[in-house]
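Shown next, in structure tokens, is the structure this report addresses.
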Amino acid sequence: GNDWILNGSKHFISGPCLPDFAIVFAVTGEDDTPRGKRKRITAFLVDVGIEGFDIREGTKCISYKGYKNFQLSFNDVRLSEDKILGQEGNGLSLSGKWLGMGRIWVGATCCGKAERILDLALDWASSRKQFGKPIGSFQATGFKLADMKMNLRAADLLVRDAVTKAVDGIMEDQDAAIVKVFCSEMLNKVADDTVQIFGGMGLMEEMPIERLWRDSRLERIWDGTSEIQRHIITRSMLRPLGA
């Protein structure tokens, strides 16, 4: 008949054991465009428990040890036309809206974590002494703290700008991409520099910075890697020029 048959798999999925359905983006054809052939992506609503839809726990992650990821598998899952969200081939447009807001959310959480890490760095740099002085008074440490403050301020402003554009309905893909890549890499640098300020103690399980440092690494990967974000930004600049 007119049913769609879904096959494939996807891993690194968060919390699929909780909802009653999954939104799945699948290739449903191919279109000719001025830039060559392009896959047609369609969004489907797939009920949990339907025949052929399997959910299993994924591999363990060293970042966010409390986080569980799952793998979804689809084996000849039969879907009727009314399971399409929007229109056939309109999946990328839908995903772009959702992914953009998700990336801004990641950027905002990165700012919050970086602020917490900076507090730890300041406390350690002001209380830990070498040669009779707080280590923060030495330029090698003090300049790291200054860089953290500057980059955190810039990240905060980027998030606010993107949120304002989203509320006004004028946010573009590049706005969310800029937030995601800058904030996640800012957090990584803040965490890494703080470990350096702590020295060997920064890698001890008894110290909170060890966990924050591990967790920060994942931010550059999920919700679109830094490389993907840079591709989106580059594309937004070059396409209007015909490149």
Filter region 45-73 for residues that are of a type outside the set (Val, Ile, Thr), in a strand (DSSP E or B) and under 28 Å from ARG220 (Cα atoms) and give the result.
ARG56, GLU57, ASN69, PHE70, GLN71, LEU72, SER73
Looking only at region 19-42, which residues are small (Gly, Ala, Ser) and loosely packed, with under 14 Cβ neighbours inside 10 Å?
GLY29, GLY36
Pick from region 114-158 the residues that are touching a Leu at 6+ places or on another chain (Cβ under 7 Å), modelled with pLDDT of 95 or more and small (Gly, Ala, Ser): which of them is surrounded by the fewest Cβ atoms within 10 Å (Cβ to Cβ)?
ALA125
Name the pairs: first residue in region 218-243 and in contact (Cβ under 8 Å) with a residue 60 or more places away in the chain, second residue small (Gly, Ala, Ser) and assigned to a helix (DSSP H, G or I), Cβ to Cβ under 7 Å, at least 6 apart or on different chains?
GLU219/SER184; ASP223/GLY102; GLN229/ALA177
In region 58-68, how many are out of contact with any Leu (no Cβ under 9 Å at 6 or more places or on another chain) and surrounded by 11 or more Cβ atoms within 10 Å (Cβ to Cβ)?
3
Filter region 69-113 down to the residues that are surrounded by 15 or more Cβ atoms within 10 Å (Cβ to Cβ), within 30 Å of ARG160 (Cα to Cα) and among the charged types (D, E, K, R), then identify the one that is modelled with the lowest pLDDT.
ARG103
Please enumerate the residues belonging to region 120-135 that are under 17 Å from GLY199 (Cβ atoms), of a type outside the set (Lys, Arg) and without any contact (Cβ under 8 Å) to a residue 60 or more places away in the chain.
LEU122, ASP123, SER126, SER127, GLN130, PHE131, PRO134
Only one of (1) in contact with a Gly (Cβ under 8 Å, 6 or more places away or on another chain); (2) modelled with pLDDT under 90 fails for LYS60. Which number is that?
(1)
If we keep just the residues of region 54-111 that are without any contact (Cβ under 8 Å) to a residue 40 or more places away in the chain and among the small types (Gly, Ala, Ser), which is nearest to ARG38 (Cα to Cα)?
SER93
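The values are calculated or read from the model by the stated rules, or taken from the named source; none is laboratory data. Owing to the predicted nature of the structure, the values given are computational and were not obtained by experimental measurement. Don't worry about glycine lacking a Cβ; one is built from the backbone with ideal geometry, like all the others, and counts go over all protein chains shown.
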